[in-house]
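Below is one structure, written out as structure tokens; the observations come after it.
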Amino acid sequence: MKHNKKLIGTSLLTATTASLCCISPVLAMLAGTSGIASTFSWINPFRPYLIGLTVLVLVFEWYQRLRPRTQEELECACDEDEKTSFWQSKKFLGIVTVFAAIMLAFPYYSSVFYPQNKTNDTPTMSNNIREITVDVKGMTCLGCEAHVESEINKLDGIFNVKADFEKANTVIKFDHAKVDAGKIEEAILKTGYKIVK
């Protein structure tokens with residue numbers, strides 16, 4: 001039974017670690033310390049292995065709980081084995097499995113924690129409209145994109161922001177009379193991600 005506790009702990013740890021790079025920007029935003037958002041981006045290359053380990057551990061643990069007991073195991077069963085604690089029950093394993101699934105899927109729904117992009121009217125002076133593309137290093141998921149977009153959208157004069165973690169850049173359309181590229185870059189740096197020039 002001690003072995004089972006270790007396996008369940010391992011699945012919780014690996015599921016949480018697999019999504020840590022995407023959880024930290026949301027936690028940083030909620031805490032008001034967005035500069036630490038990219039702290040765990042180094043974990044992203046290991047994410048597929050952590051997901052695989054989590055799934056393997058949970059499948060093995062469910063197999064152990066659901067497999068039919070042999071005649072020998074039934075004859076040898078003690079009173080202690082019949083009274084399993086909550087921590088060793090199928091119910092607890094079910095809770096752990098649901099938690100692991102929520103954590104592993106976090107990058108796909110993390111953007112809901114950020115304010116929606118604002119949409120502004122087109123400026124009256126079309127010669128003030130600028131569009132720049134900033135190369136941003138450290139974004140690893142949709143949550144990272146939402147974090148960068150949210151921070152830039154706090155500035156006045158922003159019309160459209162589209163961050164793309166796969167291309168490692170952010171395209172910003174803005175009113176040059178209200179905000180300049182320097183302020184936009186400052187907003188990106190506040191998130192903790194790096195700008196590549």
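Cβ separations smaller than 6 Å between residues 6+ apart or across chains give the following pairs from the range 48-65 residues that are of a type outside the set (Phe, Trp, Tyr) to residues that are exposed (fewer than 14 other Cβ atoms within 10 Å of the Cβ): Arg65/Lys90. For the residues Asp175, Asp180, Asp164, the requirement of being over 22 Å from Phe40 (Cα atoms) and without any contact (Cβ under 8 Å) to a residue 40 or more places away in the chain singles out Asp180.
Name every residue in the range 178-192 that is surrounded by 14 or more Cβ atoms within 10 Å (Cβ to Cβ) and among the small types (Gly, Ala, Ser), in order of residue number. Hits for the range 178-192 are Ala187, Gly192.
Is it fair to say Lys190 is over 25 Å from Tyr109 (Cα atoms), in contact (Cβ under 8 Å) with a residue 60 or more places away in the chain and more than 18 Å from the chain's Cα centre (by Cα)?
no
Only residues that are among the β-branched types (Val, Ile, Thr) and either in a loop (DSSP other than H, G, I, E, B) or closer than 13 Å to Asn128 by Cβ (or both): list them for the range 188-197, please.
Restricting attention to the range 188-197, the residues satisfying the condition of being among the β-branched types (Val, Ile, Thr) are 188, 191, 195-196.
If the condition is that a residue be among the β-branched types (Val, Ile, Thr) and either in a loop (DSSP other than H, G, I, E, B) or closer than 13 Å to Asn128 by Cβ (or both), then Thr191 is the only one that fits.
If we scan the range 53-66, do we find a residue that is modelled with pLDDT under 75, farther than 30 Å from Gly192 by Cα and not acidic (Asp, Glu)? No, because not a single residue in the range 53-66 is modelled with pLDDT under 75, farther than 30 Å from Gly192 by Cα and not acidic (Asp, Glu).
Take the conditions (1) free of Cβ contacts under 8 Å to residues at least 40 places away in the same chain; (2) touching a strand residue (DSSP E or B) at 6+ places or on another chain (Cβ under 6 Å); (3) of a type in the set (A, V, I, L, M); (4) surrounded by fewer than 17 Cβ atoms within 10 Å (Cβ to Cβ); Ile95 misses just one of them, which is (2).
The values are calculated or read from the model by the stated rules, or taken from the named source; none is laboratory data. Note that this is a predicted model, so its numbers are computed, not measured. Neighbour counts are summed over all protein chains in view; Cβ atoms, including those assigned to glycine, are modelled from backbone coordinates with ideal geometry.
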